[in-house]
Structures are given as structure tokens and as C-alpha cells.
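> Sharing a structure below in C-alpha cells format, with a few things to ask.
The values are calculated or read from the model by the stated rules, or taken from the named source; none is laboratory data. Bear in mind the structure is a predicted one, so any value in this text is a computation, not a measurement. Glycine also receives a Cβ, built like all others from the backbone with ideal geometry; neighbour counts cover every protein chain displayed. The accessibility values were calculated without ligands, DNA or RNA, using every heavy atom of the protein model including side chains. Shrake-Rupley method; radii C 1.70, N 1.55, O 1.52, S 1.80 Å.
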Amino acid sequence: MTGMDSSAAAGFAAPAGFAAPTGLDGSAVTRFAPSPTGELHLGNARTALFNYLLARRAGGRFVLRIEDTDAQRSQESHLATVLEDLRWLGLDWDAGPDREDARGPYRQSQRGALYARFLEALERHGAVYPCFCTPLELEAARRAQLGSGRPPRYAGTCRALSEQQRRDKRAQGLPATTRFRVPSGRRIEFVDLVHGPQSFLSDDIGDFVIRRADGTAAFFFSNAVDDASMGVTHVLRGEDHLANTPRQLLILEALGLPVPSYGHVSLILGPDGQPLSKRHGATSVREYRDRGYRPEALRNHLFRLGHSSGEHGLLDRGSMARAFDPAHLGRAPAHFDAQQLRVWQKDAAHHLSPGEARAWLAPVLPPGLSESAASAFVGAILPNVVLPEDAEPWAAIVFGPPPALETDGEEVIRKAGEHYFEAAAQAAAQSGNDLPAIAAAARAATGRKGAELYMPLRLALTGRSHGPELAPLLKAMPAGEAHARLARFA
Ligand code: GLU
């Protein structure tokens, strides 16, 4: 245990900064550490993906830690949602709240005993002290600092209380938080995997809370000691945590715990350059999932948000892990682009196997459809579908009553003439829903060719002049349906 000593106060600066492991080999451990306070946001999903890929690329381990020490904001239902969303995204973890191992438990709310031990160690070293300042007092001090143009930081009010003063305050029943005593005159340096060398002055950092008044461990503390005690070697997380890192390094140093390599990933912005929010449309994994987006589409878009890669096609997880390189993480904010996601989605949809496509589109198929009709339909419309909602009108056209003609359709039908439809309907009656036979009959009867031949058929059979390839679509229709639809115009 290195602990705090007087050399810190005397302006000692760690010569080489905080050396962290940089080796990316089978011993690498990464983690995703969500706070279950809501749905999994796209930004967090990308953080999870990057950590997952880093571990898989190294042949190391990826663990899931739930940061639920804030009991008021953490909910069991949110935890279930986060686990479900991560599973859906295909980011399987090697250890987590549902896969405990010797380094667990993986829920911070169950790690109180461990935090207590580390806190005691800090207390023994005089590295922490109780703070009795009320939220109101802290707020007033903060305003005063801001008002006089100083950066807000804890003024140190309770730093030098005597033992007697502390006892008195406790005797009065005043609640106390525990603050970390930030050493003065230190330069805290580390090399960020994304932003490169970083340097902070400890004098810019106020003493910060590591245990709340209710006794629970606060973020800086639980997050840092958990990374160390879970053997985490690499931490990729949001840029909003960059300024937290020097505090966490101080905690780890005081406890003599190992330091991970940190990489702070740029924010995700909307197309207008503002942080991605509800104003930009769907921002949670759940919303995309509910609309029928494919996990591989979302993964491929997130993979390229703030991470440059020479790999252009739709990548599976293995190829993505091989192509993932923290050195290719950009410092500039990344822009979420719903259109680009749609391109990935289209690609992903068109790569589905027949069985996968059938399962994917099941929610928009009419109930009670036979396996063969469902498979024929899905096969016919898949090339024209990006989302399941695109298949819905086609399910109505194919399996519902004969559809009304789109505008201008009647004119095309009228011009084709009764003779055309008599021949077509007769061929349909004989051949079943067989387009080549129907078209051949209409052609023989009228001499029409190309679009002239097919357009009246398409309109009579589907009501529309555009759509999926007609022959497979007809095969999906109930028997006798092609005849019934064509006979309407004979
Ligand atoms: N629970 C923190 C968050 O969701 C984790 C931060 C980190 O990854 O270190 O922001």
C-alpha cells in the first residue's frame, strides 16, 4: 500500500505518471459498468460494444458490472432491460450478475463489505475524513465560488476538524459523508488510450465524496476499487468521465491498487451537432429493437461511430473484434446517422437466412398462416423490406381481400381490355398462381410484351404498379386467388 505521505504535500509529482498495463493479450479484462437507471442508451451500447470487442480481440474477458449503489435511481426493472438489451445486441459477457465468479458479486449494491474494508484502509492512512457540510451549505459555497469567477470545488471546510469537533458533530446526530483528502501540489499524469497524454493538477481538484451520508459508496470510489478488484485492465468509457480519472487514480494509488488503462470515447451527437437526445428520434436500444432493427445492423453502425475502420461490409462479431483497434478511436465527436443505420439494416435484413427472416417478420404475418405460405411470402418480399413494418401492407395485399387499384391503375386495366384478362384468368384457373403461365396466355391473346404485358397483371393482382417480384408473390397467395383477382376485370 503506497498511501499518502508528506512528500505529496511537498510538491512531489509521480515521475512517469500512472503506468497502466497496455498489453492486449489473453490476460486483458474489460468491462461494461452501466447504472441501471433507465433504458440502454445508444451511447452506452457503443461503450459496451467497444469493451466487448477489445476483450474478444485480445482473447481476454469481458465482464458486466452493475453500478447500482444509488438505490433511488436504480431499479430492478431497468436492470432486467439492460441485460436483455445487451443479450439482444449479442454482447455476451464472461462474468456478471447472472454469471458470478470469484471476483463477484457483480452488483455494486452487494459489494458493501468490500467497500467497507477499503474505506477502513483509507481511514487508517488518514486519506479520508468525515464531512458534515449540508447540501445547502455546499450549494451556497459553490455559488459564491462561481460568482467570484473561481471554479467550484469543495472549500475544505471539514478537512481540518479536530477529533473533538468530529465527535461533537456526531453526538449532535449530524450526518456525515466521507471525503477523500486530495494531496496538494501534485501533478497527475496518465496516457489516455484515445486522447493521449493527460495532465491534471491536484490543486484543481477539491476533496471529493467517496461515501454518501447513507453509508453507500459513491461513484469515484466504488468504480475504481471494483475495476482493481475485478482485475480490469482496460476501461473504455464516455468522455464525460475523463475529468473523473485523476480522482480515481488518486484513490487507487492510496490503496496501492493496480490502475487500468483508460480510454475516453467521444460523445455521440445528433446530425445537428447537439448531444444525441430524444429530439433526434429514437435513442435507446429498446426502441430500435422494438421497431425490428437487427442487432447486427446496430452493431455495425455503432462500430463505426467514432471508430474508423477500413472494413466496409457488414461485419460479424468475430471480424469486428479483429478489426477493432483502440488506436482508431477518434477524438472528435461522432455523429449518429439514422440513414446510415438504415443502410446497415437493409444489408442485415437481406443477409438473413430463410428461417431468420421468417422469425423476424412473424409479428406482421396474419395469424394461422401455413408454414409454406409464410415461407413463400417472406422469400418473396424480403428483398423489398428494410423493416418489418414495410412487409405489413404486403401481407394485407397478399393474404387479405383483393386490393383496391392505385390511382391511374384503372386506366391501365381498361386499356389492357377484357380479352387480356379473360385469357389471364383462364390460365390462372388452370395453372394455379403461376405467373409464367398467366403471362404467356395474356401475351398469346394480345401480343403485348414487356411492361405492357406485366403492368396490368401486377395492378390486377396487387393493386399497385410497383412492388416485390410478382411470380414468388403469387406463389404465396392462397390457391385460386390469382384467378379470382384477374377474373374481376374479364
Ligand atoms: N456507471 C458509470 C456510467 O454509467 C460507469 C462509468 C465507467 O464506465 O467507468 O456512466
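> Of all residues in segment 184-209 being more than 15 Å from the ligand (Cβ to nearest atom) and of a type in the set (Val, Ile, Thr), which is nearest to Gly104 (Cα to Cα)?
Checked segment 184-209; the qualifying residue nearest to Gly104 (Cα to Cα) is Val209.
> Search segment 242-261 for residues that are open to solvent by 10 Å² or more (accessible area, probe 1.4 Å) and pair each with any residue that is part of a helix (DSSP H, G or I) when their beta-carbon atoms are under 7 Å apart and the residues are at least 6 apart or on different chains.
Asn244/Phe220; Arg247/Phe220; Leu257/Val225; Leu257/Ala228; Pro258/Ala228; Val259/Leu249; Val259/Leu252
> Of everything in segment 31-75 that's farther than 21 Å from Ser109 by Cβ and part of a loop (DSSP other than H, G, I, E, B), which residue is farthest from the ligand (Cβ to nearest atom)?
Here the answer is Gly59.
> Would you check which residues across segment 232-257 are within 15 Å of Glu189 (Cα to Cα) and more than 11 Å from the ligand (Cβ to nearest atom) and list them?
Ala243, Pro246, Arg247, Leu249, Leu250, Ile251, Leu252, Glu253
> Still on this structure: Within segment 301-312, does at least one residue satisfy the condition of being assigned to a strand (DSSP E or B) and more than 11 Å from the chain's Cα centre (by Cα)?
Among the residues of segment 301-312, at least one is assigned to a strand (DSSP E or B) and more than 11 Å from the chain's Cα centre (by Cα), which makes the answer yes.
> If I filter segment 258-274 down to residues being hydrophobic (A, V, I, L, M, F, W, C) and more than 12 Å from the ligand (Cβ to nearest atom), which single residue comes out as nearest to Arg187 (Cα to Cα)?
If we take residues in segment 258-274 being hydrophobic (A, V, I, L, M, F, W, C) and more than 12 Å from the ligand (Cβ to nearest atom), then Val259 is nearest to Arg187 (Cα to Cα).
> Here's another thing I want to ask about it. May I ask you to list the residues in segment 309-324 that are exposed (fewer than 15 other Cβ atoms within 10 Å of the Cβ) and touching a residue at least 40 places away in the same chain (Cβ under 8 Å)?
Gly318, Arg322, listed by residue number.
> While we're here: Could you identify the single residue in Pro275, Pro271, Pro333 that is open to solvent by 30 Å² or more (accessible area, probe 1.4 Å) and touching a Phe, Trp or Tyr at 6+ places or on another chain (Cβ under 8 Å)?
Testing whether each residue is open to solvent by 30 Å² or more (accessible area, probe 1.4 Å) and touching a Phe, Trp or Tyr at 6+ places or on another chain (Cβ under 8 Å) leaves just Pro271.
> Any idea which of (1) under 36 Å from the mean Cα position of the chain (by Cα); (2) farther than 30 Å from Gly292 by Cα is the one Gly417 doesn't satisfy?
(1)
> Still on this structure, please answer the following. Open to solvent by 10 Å² or more (accessible area, probe 1.4 Å) and within 17 Å of Thr30 (Cα to Cα): which single residue out of Tyr52, Tyr106 fits that description?
Answer to the selection: Tyr52.
> To continue, here is another question. Among the residues of segment 76-107, write down those that are part of a loop (DSSP other than H, G, I, E, B) and of a type in the set (A, V, I, L, M, F, W, C).
Correct list: Leu91, Trp93, Ala102.
> How many residues does segment 288-300 contain that are surrounded by fewer than 21 Cβ atoms within 10 Å (Cβ to Cβ) and either touching a residue at least 24 places away in the same chain (Cβ under 8 Å) or part of a loop (DSSP other than H, G, I, E, B) (or both)?
Qualifying residue count, segment 288-300: 4.
> Being within 12 Å of the ligand (Cβ to nearest atom), open to solvent by 10 Å² or more (accessible area, probe 1.4 Å) and in contact (Cβ under 8 Å) with a residue 60 or more places away in the chain is the filter here, so list the residues in segment 219-231 that pass it.
Answer for segment 219-231, where residues must be within 12 Å of the ligand (Cβ to nearest atom), open to solvent by 10 Å² or more (accessible area, probe 1.4 Å) and in contact (Cβ under 8 Å) with a residue 60 or more places away in the chain: just Phe219.
> Got a sec? Which of Ala160, Ala140, Ala144 is part of a loop (DSSP other than H, G, I, E, B), of a type outside the set (Ser, Thr, Tyr), more than 16 Å from the ligand (Cβ to nearest atom) and surrounded by fewer than 14 Cβ atoms within 10 Å (Cβ to Cβ)?
None of the others qualify; the one that does is Ala160.
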